[in-house]
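The structure appears below as structure tokens.
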Amino acid sequence: DLGSKDLLREKIYLVCKIIRIGRMELKESDNKKRASGLRRAFGAAVMDITSIMKGTEGSDEDKQCFIPFMQLPYQVRLMGDVVIQALNICRVSGENENLQQVITRAISSKGDIHHKGQGLWVSLKMLEGDLKTIRHDFQHIIDRTTAEVRKMGFPEIIMPGDVRNDLYVTIVQGEFEKGIKSSQKNVEVTMCVCNDDGHVIPMVVSMGAGEDAESQYRSHVYYQNKTPKWMETVKVGIPIEDFYSAHLRFTYRHRSTFENKDKAEKDFGLSYVRLMRKEGTTLQDGVHNLLVYKVESRRLEPNDAKKYLSLPSSRDEMDNFPKTKSGTSPSGHNRLFNHRVEGFTMSRDSFQISTLVCSTKLTQNVDLLGLLKWQSQKKNLKNSLRSLMKFLQDTLDALFNIMMEHLDNGSYDDLVFDALIYIIALIAEKKFYHFHAVLDSYILEHFSATLAYQKLTKVLVMYLENAESEKYRESLMKALKALEYIFKFIVRSRILFQQFDDKDRKQFEKGIRSVFEAINRLMKVTDKPTIALQATAMKYLTSVIKDTITVFDPKELSLLLKDFVSNVPAERLTKQKVQCMLDIVHSDIFKMQECRIILLKMMTFHLKELMQKEEELEICGKLLADILTLLRSSNVGPTKGDIQEVMNGLLRTVIRVVIKLDRRSQQAGNYVACLISMLRQMDEYHYDAYLSSFPTKTELDANGLILQDFLMEIFGMFQDLISNNVYRMDWVTMLSLQNSTFMRAIKFFTKTLNKCFLDAESFQFQLWNNFFHLAVAFLTQESLQMENFSHNKRQSLIKKYGDLRCEMGYEIRVMWFNLGPHKIKFIPVMVGPMLEMTLIPEPDLRKATIPIFFDMMQCELHSTGSFKLFEGEMITKLDVLVEGGRGDQEYLNIFHEIMSEWCGKHQYLRTTGIDFVNLVKTLMGRLLDYRDIIREENRDNRMSCTVNLLNFYKEINRLEMYVRYLYKLHDLHTESDNFTEAGFTLLQHAKLLSVS
């Protein structure tokens, strides 16, 4: 069971200790009977598993790894029936080498061991997850017989209900005098757990995971070693009720090689250590230097316990033991000492152990013990409440029990409250983040204080009411940071109470209301010291919404939240205010339609105010985007009214922000996306309602605006976004979405144009002119030219959005024919844009829009008696556009066919009109030839084509075009060093000039 800290270790080793059970030495049998059943250190096998544990090397249960075996010196390896004396090892190892030294030597050897094929084969697999998950996912590996080795220490997360009461004891080392013997002793340590009466508590000692518990532990034996070092760890699992009166007893015995002598040996020494200290806490973790007492009797009896338990157990305890008038300490210190009882005398021997307590019920902290046992230690309660919690469930249970015991008075309410927020604050720290799940589990499954909500709300309101007092400021700051879990306790407490009795509901709601009203009053304060409290409140208050709406009217809570945000003084904590509104949008309450409309009105007001001042535009854009995203969700109920609220409050403001923003900035892209989302969610009702809210003539609206201003503004913005896109050209999907949204919006706006700006009195030339130029710019933009995309991409876009060029072309045609008598005002101004539109290589678009040219000819003819303006503009723009790459032979044919048909049907244009159409056909044919040939390297062909064009313009008396191509011909001659011909070309222009 390894945690993240274990895996951060630089090195991780799998260490296998081998203990031989048998005689003292493995020699050939002789006539003397040898003592048997001794545990003898035999050797160790060590494998570096760092790479496996850290995931840099794979692990597979089917892969077997060999771990070489390193033996202690002066041992004999037994293989089957063959005994081999290991003589070579003694040259390397010292005579008194212990098992721990062998392990260290094996690690430092890095696998370079002369093992001669002896070792262990193991398979390893790293399994991630908790035990329950692993048992389910790896049933082929983990079964009922698999041993679970729990961590020696607490895991990173202690879940409520995870009861544990383990004591790990490591037999470290000792130092024993040989006494009357001629050589050093072969010491064996026996450990058992006894109660105060001296009786051994059976079956509580475990030698290893998966092993059956035993009543005692026997150490392995080192031969004639004065300072044996065992480093053996055992687990002691004592029932909680026996722990308080238990102690560990260690006895020492010399083990003889021969059986008859071994049986005659008795325990020569004894040590002990109590598991509980006088103040009620457990034995402290760490190393304990125990005193060794000489045992004078041949056999220990249960009643001997009362004797040796009256003596100090360790060096530290001895230093604090009552002094007597005579004697010196065995350690040689000059101090008064005489510690002896009948049958036990202190010796010069020493013994060292190390302990580690892993208990969810027992503690080593005195203050925590005072908290857990507060009923019997009320005089120390205040100190206990200020202590650090270690065991969450018991600590919280004790805290709330204190509250419940003092329902009628508030003696400890503020202290309990402070302790609670301290615990919550501790869990909130990044390093304890994983404990959130523990606290949540406690609240849901173990918390049982049904009336805690009364106390918690009362103390919280008291802190809030005294916010301006320096005495309460620090505590209130901590409480505000812990609001989420304070409310979780309040809400859970109320829910538990309701399960038994639903009375006092109004009183509970009054308590909740009083908390929010107190916070709202705090937000109105303008004193400088309260800024930090206000910022903290805005950061953490929204975290309580999820739980509060389960027991409190969501609509009333919405009104309280609305006041909370609105109460913040202007120009103060602006960014925090917007972030608070953003958190509200992300909460469950904003998904409720009746609550959302309350909150939305407040949010649009503040957003509009900030956007107009151009403050915090980035986070304002984020808030608006999240609102619009949520309104598109399917699980938030009707949104028609919400969209209207956003539209009325923010549409015009967002348009103006988009107009002002630098097109290259990220914010521009964000706000354009918000604008697109807003326009997409508006349906016909919203457009009609919004546009009808503007006055159409001289009367101004509340903002000093008229409908014409709005349409001019949005037409201009659309055209600017089309010409200077905020999105990259390869963002095809985003551009397509933008274009489809603009197209839909423009269609709604054209209805308003027809309705409000078409009659003689209300007609606005500039507004209509802006519309036509926007429409042409829209359908001629590069992102809509389908011929530039691959076949598959083109089909995909058309299937999803249709060909927006045709859709806009049809709209232009309808709007043109709706102009009626106002058409003449757009001739020849709109000839160029219309020609540019018809030159787009889309047959359906061309067929739909080319008739507009005939209508222009007809309109001018009826107005002036000719169509000279149209004709002149048509020829001029055609020359420029075709030379620029527009137009093709297909257009020439369609234009000639459609225009000839229309002119042939007209009484007055049957002759002049068809002549003009033929003229355009001839001109365009020569322009197409010129465009193709001008790219060639053959100058003669280029000159010939240019001469044809200039002669054509001379013939039709278009002198300005004739002169234009004279200079093109001059440039060609100059490039060819034909300076004489270039001069004669200029002479042709000079002949046209006259001196006035």
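Against the definition (β-branched (Val, Ile, Thr), in contact (Cβ under 8 Å) with a residue 24 or more places away in the chain and open to solvent by 20 Å² or more (accessible area, probe 1.4 Å)), how does Ile824 come out, yes or no?
Yes; evaluated as a whole, the condition is true for this residue.
Quick one: how many residues across the range 476-507 are among the small types (Gly, Ala, Ser) and over 20 Å from Pro554 (Cα atoms)?
Residues meeting the conditions: 2.
With the requirement that a residue be open to solvent by 50 Å² or more (accessible area, probe 1.4 Å) and either touching a Lys or Arg at 6+ places or on another chain (Cβ under 8 Å) or not assigned by the TED database to the domain that holds Lys510 (or both), what does the range 441-454 give you?
Pass one, the range 441-454, residues open to solvent by 50 Å² or more (accessible area, probe 1.4 Å): 444-446, 448, 454.
Within the range 441-454, just Leu444 meets the criteria.
Can you list residue pairs whose Cβ atoms sit under 8 Å apart, with the first residue in the range 25-38 being open to solvent by 100 Å² or more (accessible area, probe 1.4 Å) and the second being at pLDDT below 85? Count only pairs 6 or more apart in sequence or on different chains.
Here the result reads Lys27/Val76; Glu28/Val83, each pair linking the range 25-38 to a residue that is at pLDDT below 85.
Given the options Asp940, Asp915, Asp977, name the one that is open to solvent by 80 Å² or more (accessible area, probe 1.4 Å) and either within 26 Å of Thr864 (Cβ to Cβ) or under 60 Å from the mean Cα position of the chain (by Cα) (or both).
Only one candidate passes the filter, namely Asp915.
Which ones in the range 552-605 are outside any helix (DSSP H, G or I), open to solvent by 40 Å² or more (accessible area, probe 1.4 Å) and farther than 25 Å from Thr530 by Cα?
Passing the criteria: Asp553, His586, Met592.
Cβ-Cβ under 7 Å, sequence separation 6+ or interchain: first residue in the range 342-365 and under 30 Å from Val187 (Cβ atoms) and assigned to a strand (DSSP E or B), partner polar (S, T, N, Q) and at pLDDT 90 or above. Which pairs?
Hits for this filter: Ser350/Asn289; Phe351/Ser271; Gln352/Gln173; Gln352/Asn289; Ile353/Thr170; Ser354/Thr170.
Select from the range 267-291 the residues that are modelled with pLDDT under 90, at negative phi and out of contact with any Phe, Trp or Tyr (no Cβ under 7 Å at 6 or more places or on another chain) and list them in ascending order.
Scanning the range 267-291 gives Arg277, Lys278, Glu279, Thr281, Thr282, Leu283, Gln284, Asp285.
I need the full set of residues from the range 852-875 which are open to solvent by less than 10 Å² (accessible area, probe 1.4 Å) and either out of contact with any helix residue (DSSP H, G or I) (no Cβ under 7 Å at 6 or more places or on another chain) or within 16 Å of Cys903 (Cβ to Cβ) (or both), in order please.
Within the range 852-875, Ile852, Phe853, Met856, Met857, Glu860, Phe870, Met874 qualify.
State yes or no: is Phe742 under 30 Å from Glu860 (Cα atoms) and crowded, with 19+ Cβ neighbours inside 10 Å? Break it down into steps so the answer makes sense when it comes.
Numbers: under 30 Å from Glu860 (Cα atoms): no; crowded, with 19+ Cβ neighbours inside 10 Å: yes.
No: the conditions fail for Phe742.
Identify the single condition in (1) in contact with a helix residue (DSSP H, G or I) (Cβ under 7 Å, 6 or more places away or on another chain); (2) more than 21 Å from Leu919 (Cβ to Cβ); (3) surrounded by fewer than 18 Cβ atoms within 10 Å (Cβ to Cβ) that Ile956 does not satisfy, given that it satisfies every other one.
The single condition Ile956 does not satisfy is (2).
Residue-wise test of (1) within 24 Å of Cys16 (Cα to Cα); (2) of a type in the set (S, T, N, Q).
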{"site": "Ala213", "(1), (2)": "yes, no"}
{"site": "Gln224", "(1), (2)": "no, yes"}
{"site": "Thr233", "(1), (2)": "yes, yes"}
{"site": "Asp267", "(1), (2)": "no, no"}
{"site": "Leu270", "(1), (2)": "no, no"}
{"site": "Thr281", "(1), (2)": "no, yes"}
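With farther than 29 Å from Leu737 by Cβ and among the aliphatic types (A, V, I, L, M) as the only criterion, which of Leu767, Leu774, Leu819 stands out?
Leu819
Go through the range 108-135 and count every residue that is assigned to a strand (DSSP E or B) and of a type outside the set (A, V, I, L, M).
Number satisfying all stated conditions: 2.
What pairs come out if I take residues in the range 793-814 that are in a helix (DSSP H, G or I) and pair them with residues that are among the charged types (D, E, K, R) whose C-beta lies under 6 Å away, six or more apart or interchain?
Arg805/Glu842; Cys806/Asp844
Only residues in the range 510-539 that are among the basic types (Lys, Arg) count as the first member; pair them with residues that are not in a helix (DSSP H, G or I), Cβ under 9 angstrom, at least 6 apart or cross-chain, and list the lot.
Correct list of pairs: Arg513/Phe552; Arg521/Ala467; Arg521/Asn567; Lys524/Asn567; Lys524/Val568; Lys524/Pro569.
Could you check the range 701-787 for helices (runs of 4 or more DSSP H) lying wholly inside it with 2 or more residues that are in contact with a helix residue (DSSP H, G or I) (Cβ under 8 Å, 6 or more places away or on another chain) and of a type in the set (Asp, Glu)?
707-723
Can you give me the number of residues within the range 166-211 that are in a loop (DSSP other than H, G, I, E, B) and either more than 27 Å from Ala147 (Cα to Cα) or basic (Lys, Arg) (or both)? Please lay out each step first, then the result.
Of the residues in the range 166-211, the ones in a loop (DSSP other than H, G, I, E, B) are 176-186, 196-199, 201-204, 207-211.
Then drop every residue that is not either more than 27 Å from Ala147 (Cα to Cα) or basic (Lys, Arg) (or both), which leaves 176-186, 196-199.
Number of matching residues: 15.
Show the residue pairs that are 6+ apart or on different chains and have beta-carbon atoms under 7 Å apart, the first residue being within the range 648-675 and within 13 Å of Tyr727 (Cβ to Cβ), the second being surrounded by fewer than 16 Cβ atoms within 10 Å (Cβ to Cβ) and among the polar types (S, T, N, Q).
Arg663/Asn724
The values are calculated or read from the model by the stated rules, or taken from the named source; none is laboratory data. These numbers come from a predicted model, not from an experiment. Note: ideal-geometry Cβ built from the backbone for every residue, glycine included; neighbour counts use all protein chains shown. Keep in mind that these areas ignore ligands, DNA and RNA; they rest on the heavy atoms of the full protein, side chains included. Shrake-Rupley method; radii C 1.70, N 1.55, O 1.52, S 1.80 Å.
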